[in-house]
Amino acid sequence: EKDQRHGTMALGTLWPRVSVVTRWPALGGWDWWDLRALWDDFAEDGGLKGPSDAVPTPEGQTDGATLCAMMELEPGESLTVPFFLTWHFPNRVVDWHDEPEVRGKTVQNYYSPWFKDSWGGMKYLTQEFERLHRESRTFEEAFYSSTLPPEALESAGNQLATLRSSVSFRDGEGRFFGFEGSGERKGCCPMNCTHVWNYAQSVAWLFPDLEKTAREVDFSINTRPGGDMAFRTLVPPNPDVLWKHAPAADGQMGTI
């Protein structure tokens, strides 16, 4: 349960008629043969008849699964089928710092105690979907109905996607952390770099409670007795273990 890979994912739909395959059997040595098996099965009658059990996969391998919504359509008719993907991975192991005081420590993701697993998140999502969708659209409409120039709105709005990427996360205490960017598998250039993030305005103006947690860490933990502020945050934050580097003037002024 302490492993970084400990967790679950769930794929679901509210569609009443479904067929499912939990794992596609290997048909040979080619990576894409499972896709061929999927198509052959589906093309036969519009449904799936593969295995529906769940067994452990060998170390270093994974299985593909398919959830199929079944329906009959008249010529020219169309339907929209909602699919839901949820995940629950409680642990985030610090592998982005080299400092021995923090490297390898486990940080809990903020959302982890909300549900026991991804299925709990799935049930909540499907039960509250209409409200969540409505409130999300309300935010979108309020944002883009501003009288600011369209170019400014588009520029600011596009940056919000960064908050739901591997660039940023919240720890178990709800504190906001952000890398400078993201590599192929994880974020890069940790963490809360003040002379990068102080130029970012979207969080401060649209989600000030998140921004506040980052500033609290900067001033209450990362500021040394002499007044100089560490411009990167070591996670988990600890006033006795700070980033060993000269302060960044623009970053320190930016936090103010």
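The values are calculated or read from the model by the stated rules, or taken from the named source; none is laboratory data. Remember, it's a predicted structure, so these values are computed and weren't measured experimentally. Here Cβ is always computed from backbone atoms with ideal geometry, including for glycine, and neighbour counts include all displayed protein chains. The area values use the complete protein model at the heavy-atom level, side chains included, leaving out ligands, DNA and RNA. Shrake-Rupley method; radii C 1.70, N 1.55, O 1.52, S 1.80 Å.
How about region 243-252: which of its residues are surrounded by 16 or more Cβ atoms within 10 Å (Cβ to Cβ) and not in a helix (DSSP H, G or I)? Trp243, Pro247, Ala248 - these are the residues of region 243-252 that are surrounded by 16 or more Cβ atoms within 10 Å (Cβ to Cβ) and not in a helix (DSSP H, G or I).
So that you can scan it fast, the table gives a plain yes or no per residue for (1) exposed (fewer than 14 other Cβ atoms within 10 Å of the Cβ); (2) modelled with pLDDT under 95; (3) not hydroxyl-bearing (Ser, Thr, Tyr):
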site: Leu160; (1), (2), (3): no, yes, yes
site: Val167; (1), (2), (3): no, yes, yes
site: Phe177; (1), (2), (3): no, no, yes
site: Lys186; (1), (2), (3): yes, yes, yes
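For beta carbons closer than 6 Å, sequence separation of 6+ or different chains, a first residue in region 212-223 that is within 17 Å of Pro247 (Cα to Cα) and free of Cβ contacts under 8 Å to residues at least 40 places away in the same chain and a second that is surrounded by fewer than 22 Cβ atoms within 10 Å (Cβ to Cβ) and among the polar types (S, T, N, Q), the qualifying pairs are Asp218/Thr255.
Just to be sure before I move on: is Thr138 open to solvent by 50 Å² or more (accessible area, probe 1.4 Å), part of a helix (DSSP H, G or I) and either without any contact (Cβ under 8 Å) to a residue 12 or more places away in the chain or on the phi > 0 side of the Ramachandran plot (or both) in the structure I sent? For Thr138, the condition - open to solvent by 50 Å² or more (accessible area, probe 1.4 Å), part of a helix (DSSP H, G or I) and either without any contact (Cβ under 8 Å) to a residue 12 or more places away in the chain or on the phi > 0 side of the Ramachandran plot (or both) - is met. Only a single criterion out of (1) at pLDDT below 95; (2) more than 21 Å from Phe207 (Cβ to Cβ) is not satisfied by Met122, namely (1). Looking only at residues in region 231-242 that are surrounded by fewer than 20 Cβ atoms within 10 Å (Cβ to Cβ) and within 26 Å of the chain's Cα centre (by Cα), the one that is farthest from Asp218 (Cα to Cα) is Pro236.
To keep it simple, each residue is scored yes or no on (1) modelled with pLDDT of 85 or more; (2) farther than 19 Å from Pro16 by Cβ; (3) among the hydrophobic types (A, V, I, L, M, F, W, C); (4) part of a loop (DSSP other than H, G, I, E, B).
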{"residue": "Ala43", "(1), (2), (3), (4)": "yes, yes, yes, no"}
{"residue": "Leu48", "(1), (2), (3), (4)": "yes, no, yes, yes"}
{"residue": "Ala54", "(1), (2), (3), (4)": "no, yes, yes, yes"}
{"residue": "Gly60", "(1), (2), (3), (4)": "no, yes, no, yes"}
{"residue": "Asp63", "(1), (2), (3), (4)": "no, yes, no, yes"}
{"residue": "Leu67", "(1), (2), (3), (4)": "yes, no, yes, no"}
{"residue": "Glu72", "(1), (2), (3), (4)": "yes, no, no, yes"}
{"residue": "Pro75", "(1), (2), (3), (4)": "yes, yes, no, yes"}
{"residue": "Ser78", "(1), (2), (3), (4)": "yes, no, no, yes"}
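Here Leu132 fulfils each of the conditions (1) modelled with pLDDT under 95; (2) open to solvent by less than 70 Å² (accessible area, probe 1.4 Å); (3) assigned to a helix (DSSP H, G or I) apart from (1).
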